[in-house]
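Every read-out reported here was derived from the displayed coordinates using simple, explicitly stated rules and does not represent laboratory data. Quantities reported herein were computed from a predicted structural model and do not represent experimental measurements. Backbone-built Cβ (ideal geometry, glycine too); neighbour counts: all protein chains shown.
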2 protein chains.
Amino acid sequence: MAKKNAFYAQSGGVTAVINASACGVIETARQHKAQIGRLYAGNNGIIGALREELIDTAKESAKAIAGLRQTPSGAFGSCRYKLKSLEHNRAEYERLIEVFKAHNIGYFFYNGGGDSADTCLKVSQLSETLGYPIQAIHVPKTIDNDLPLTDNCPGFGSVAKYVAVSIKEASLDVASMCDTSTKVFIMEVMGRHAGWIAAAGGLAADSEGDGPHIILFPEIAFEREKFLKRVQRCVKKYGYCAVVASEGTQYKDGTFLAEAGSRDAFGHAQLGGVAPTLAAMVKEALGYKYHWAVADYLQRAARHIASATDVQQAYAVGKAAVEFAVAGKNAVMPAIVRGKGKRYSWRIEEAPLAGVANVERKMPRNYISADGFHISDKGRQYLQPLIQGEDYPSYKNGLPVYTRLKKVLVQKKLKKAFKV
Amino acid sequence: MAKKNAFYAQSGGVTAVINASACGVIETARQHKAQIGRLYAGNNGIIGALREELIDTAKESAKAIAGLRQTPSGAFGSCRYKLKSLEHNRAEYERLIEVFKAHNIGYFFYNGGGDSADTCLKVSQLSETLGYPIQAIHVPKTIDNDLPLTDNCPGFGSVAKYVAVSIKEASLDVASMCDTSTKVFIMEVMGRHAGWIAAAGGLAADSEGDGPHIILFPEIAFEREKFLKRVQRCVKKYGYCAVVASEGTQYKDGTFLAEAGSRDAFGHAQLGGVAPTLAAMVKEALGYKYHWAVADYLQRAARHIASATDVQQAYAVGKAAVEFAVAGKNAVMPAIVRGKGKRYSWRIEEAPLAGVANVERKMPRNYISADGFHISDKGRQYLQPLIQGEDYPSYKNGLPVYTRLKKVLVQKKLKKAFKV
């Protein structure tokens, strides 16, 4: 096999551990210098390839690359950009091939979620469709945990741990003051289409009466009266009520609560927030003092409280991607497979990319309790191992040491610029 | 000195480390059994004394008490309840004396902020005013960092660390995607009257271009145009703009941004949130894609990322309070005194409670940069040491192990109930 260079890009919403995958890819590529020459990273994702903005990872020290393992966000920059189909934008694919050819790129590692898997699949077919030989390997990443063929997605375990720890702490706070102060606390979490992240909050409740008492999932149609009744019951029984609400919480007709009809004095739709919407509902109907939090990016960037299991898996899929590549594979994704034993174990296996692209894995209904307000034992069994272990970054002056790369761009070889 | 029992209560908003102070009080009291008999804790704060709901701390194991050091919230329950003056509610003071007398209480430890210091001072005067001999020691606690005579307040360092770490992480997240996605991120933090907590966010920016780029303090009158101009400048210069906004951000006339005039379709004042208000402003004027977060209770409950300095100081003030008591002192507060050397050091000294009660310490103007949008070097110098060190709780099944006490109530001795 002739020695080829490789291209790696981060895609879509970043996570606390996507850089751990980058670390796995780069460190492993450095161990296969006979097959892989230079490893270039796209500056801001696939856009970097289209613009011929290639970061030369060889210019980064071993220490800097090792530091990626403990650094959240996308160290090379990420983007929200989906390649259209070959029929709709042939120019993009031709540009990719131009750039790949100019830089002798024969390996394509794409680190992202469902949309990115689709892009990766299209790239894997460039040999067939446009006659350019390339091996494309998808490196799974998404806090949404919605990729098929893998037991879970790197990125999810850490946001899950953040949400479970945060609602545990906030619930204790509210519990200790509910006699004379706040009675209802609502924490809004990410997950517009699926309740995986909200479900993770349920792990904090391991004894009767613990918060969160209520979880609102996008999968369960929201019913105002039923919700308010449950809130009231909790306050009467436990003195307070802690709620985890998915940003995707919606009515039966699919209307998101966050968008449901309220407008400000100027007629603008009131700014998002399932949490403030629910809080207003509670206040109006029950009169309880409330507080609410919206974690937003804090949850997916929270490397300081990452799950050790998640970090290990993120690194492992990066490493496996390179190993698959040097083994000559194409159009595959390293998937996480859960062992069958009672004690949690996992291993990496190869999954066909065609089965991953554009398929969204839903949360099984039986992970949610029968009444729709919490996780079931089955849900807990699935989620629990994913938040196992702590993997603290190193600190300096009281703050985590997060790696900044030099990001030296390779000299352009093409004369034409490409407008993205 | 005849052996007396002691009373301890937690007061006001709880923190990540108020239980570390409780731990200091209880462990130290257990070492002074010759002077201190039983140590009772108020169930839900001072209300527990009025209702004669006294928790017998002797029923808690040494392990449970040690566990308090790593447990956020108020383990005995706290309350928002300020005793009126003797003239306005003599009955409350008489009730306190009845309860104290019935349980032979001669020491009063009150763990709270400014209002609580006032209550503690009043209790310290019961000997004079109502002829009941008691020693009252205030144990400082407040995330607001607004007590005088102490260099800083236990509770503040941990919320400061949470805010600095969180905005550092979220800024990296935004930076890595701003090319095609969110350009402005706004994180709202606590501190209605003072910008101490918002200021702590500034610690995350240690190199040119780092987030946060803008901090909004209650101390600096908000000017819409100036703010928007600064946001635009940041986006043009760095690609994105990360903002930390105090919940107390206000216009020159004292109107809070969070309350400024917007009403929903039903005419209700739009629910709080400086962050969403600012986000709407940015969107309308500049059209940038935005995200916002409101950390709310998550920030003050975040024991998982507590400052080790803060935990040590919280424990130390609890310990010193008991030592002051057995030394015969009354109407004092253990204060944290910063050493003069270049390297940060601190010690505990005694401060007169009369100088603490009802005095609010403001953040010095020179801790804020000249343009009003960031912290100054002087501010950084003050804040930096307070977030030093990590003090992780122990974990089980991926979640922190937070202590739950048995909270066994002492048998009531009074026949009359007291309605709070």
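Taking a ≥ b ≥ c as the square roots of the eigenvalues of the Cα gyration tensor, an a/c ratio of 1.5 or more together with a/b no larger than b/c marks the range B:335-381 as oblate. Plainly put, the tip 7 Å out from Cα toward Cβ on B:Arg347 is 6.3 nm from that tip on each other copy, the closest given first. If I fit a long axis through the Cα atoms of helix A:156-177 and take the longest principal axis of the Cα atoms of chain A, what angle between them do I get, 0 to 90°, rounded to 10? Taking the Cα atoms of chain A, the angle to A:156-177 is about 20 degrees.
With a 10 Å cut-off around each Cβ of B:175-186, the average count of Cβ atoms from other chains is 6. Within a Cβ distance under 13 Å of B:Gly74, other residues only, what is the Lys/Arg minus Asp/Glu net charge? Here the count lands on +3.
In a simple Cβ point-charge model (Lys, Arg +1; Asp, Glu -1; nothing else charged), the range A:156-301 has a dipole of about 280 debye relative to its Cα centre.
Between A:Leu414 and A:Arg30, the contour length at 0.36 nm per residue exceeds the alpha carbon distance by 135.6 nm. Cβ distances below 4.7 Å define possible disulfide partners, and in chain B the cysteines left without one are B:Cys23, B:Cys79, B:Cys120, B:Cys153, B:Cys178. Shown is the FRET efficiency for A:Lys289 and B:Leu286, computed with R0 = 35 Å from the Cβ-Cβ distance and rounded to the nearest 0.05: 0.45. Per-residue Karplus couplings for the range B:103-111, computed as 6.51 cos²θ - 1.76 cosθ + 1.60 with θ equal to phi - 60°, are listed in order as 10, 6, 8, x, 10, 10, 10, 10, 9 Hz, Gly and Pro entered as x. Which FRET efficiency value, to the nearest 0.05, is calculated for B:Ala91 and A:Glu223 with the Förster distance at 45 angstrom and r the Cβ-Cβ distance? Approximately 0.45, to the nearest 0.05. Close amide H contacts of B:Tyr8 (hydrogens built in the peptide plane, cut-off under 5 Å, sequence separation of 5 or more or a different chain): B:Tyr40, B:Ala41, B:Gly42, B:Phe109. Treating r as the C-beta distance of B:Ala327 and A:Asp206 and R0 as 45 Å, the FRET efficiency rounds to 0.55. Here B:Lys161 is the anchor, and the lysines within straight C-alpha reach of less than 22 Å, apart from those fewer than 8 places off in the same chain, are A:Lys161, A:Lys168, A:Lys396, B:Lys141, B:Lys342, B:Lys362, B:Lys378. Count Lys and Arg as plus one, Asp and Glu as minus one, and take only other residues whose Cβ is under 13 Å from that of A:Tyr40; the net charge is then +3. The 3J(HN,Hα) values that the Karplus relation (6.51, -1.76, 1.60; θ = phi - 60°) gives for the range B:127-136 are, in residue order, 4, 5, 6, 10, x, 10, x, 8, 9, 10 Hz. Gly and Pro appear as x. Placing unit charges on each Cβ (+1 for Lys and Arg, -1 for Asp and Glu) gives the protein assembly as shown a dipole about its Cα centre, and among A:Ala2, A:Tyr288, A:Ile134 the Cα reaching farthest toward its positive end belongs to A:Ala2.
Evaluating 6.51 cos²θ - 1.76 cosθ + 1.60 at θ = phi - 60° for every residue in the range A:358-375, the Karplus couplings come out as 6, 10, 9, 8, 8, 7, x, 4, 7, 7, 9, 5, 4, 7, x, 10, 7, 8 Hz, glycine and proline recorded as x. Taking amide hydrogens as placed 1.01 Å from N in the peptide plane, the amide H of B:His374 sits under 5 Å from those of B:Ile215, B:Ser369, each at least 5 positions away in sequence or on another chain. In this simple spin-label model, placing a label point 7 Å from the Cα along the Cα-to-Cβ direction at both B:Tyr251 and A:Arg347 gives a separation of 6.7 nm. Against the main long axis of the alpha-carbon atoms of chain B, helix B:274-286 sits at an angle near 10°. Axis between B and A by rotation; chain B residue with nearest Cβ and distance in whole Å recorded as B:Val294, 2. Between identical copies, the spacing of A:Leu409 label points, each set 7 Å from Cα toward the C-beta atom, reads 7.1 nm from nearest to farthest. Across the options B:Val408, A:Met177, B:Gln125, the greatest Cα extent toward the positive end of the charge dipole of the protein assembly as shown (unit charges at beta carbon of Lys, Arg, Asp, Glu) belongs to B:Val408. Shape analysis of the range A:156-301 places it in the oblate category; the axes a ≥ b ≥ c from the Cα gyration tensor give an a/c of at least 1.5, with a/b not above b/c.
When chain B is treated as a GNM with alpha-carbon contacts under 10 Å, the residue of B:Met333, B:Met363, B:Met187 showing the greatest mean-square fluctuation is B:Met363.
Distances between copies at A:Ser127, taken between label points 7 Å from Cα along the C-beta direction, are 9.0 nm in increasing order. Full extension of the chain segment joining A:Lys406 with A:Arg380 gains 5.2 nm, where the gain is 0.36 nm per residue of separation less the Cα-Cα distance.
The charge dipole of the range B:281-361, taken about the Cα centre with unit charges on the Cβ atoms of Lys, Arg (+1) and Asp, Glu (-1), comes to about 380 debye, rounded to the nearest 20. For chain B, which longest stretch is free of loop sites, where a loop site is one of the GluC sites (Glu not before Pro) that DSSP puts outside H, G, I, E and B and that has at most 13 other Cβ atoms within 10 Å? After excluding every exposed loop site, the longest remaining stretch is B:224-359. Take the Cα of A:Lys82, step 7 Å toward its Cβ, do the same at A:Ala354, and the gap between the two points is 2.1 nm.
Distant-in-sequence amide contacts of B:Val189, defined by a placed amide H-H separation under 5 Å and a gap of 5 or more residues or a different chain, comprise B:Ala245, B:Ser246, B:Glu247. Its Cα centre serving as origin, the protein assembly as shown has a Cβ charge dipole (Lys and Arg +1, Asp and Glu -1) of approximately 1160 debye. Among A:Phe256, A:Phe217, the ranking by other beta carbons within 10 Å of each residue's beta carbon, starting with the fewest, stands as A:Phe256, A:Phe217. Across peptide B:301-307, the mean count of Cβ atoms from other chains lying within 10 Å of each residue's own Cβ comes to 6. In plain terms, the residue of B:Trp346, A:Trp196 with the fewest other Cβ atoms within 10 Å comes first and the most crowded comes last, giving B:Trp346, A:Trp196. Going from the residue with the fewest nearby Cβ atoms within 10 Å to the one with the most, B:Arg303, A:Arg338 rank A:Arg338, B:Arg303.
The angle separating the long axis of helix B:90-102 from the principal Cα axis of greatest extent in chain B is about 60 degrees.
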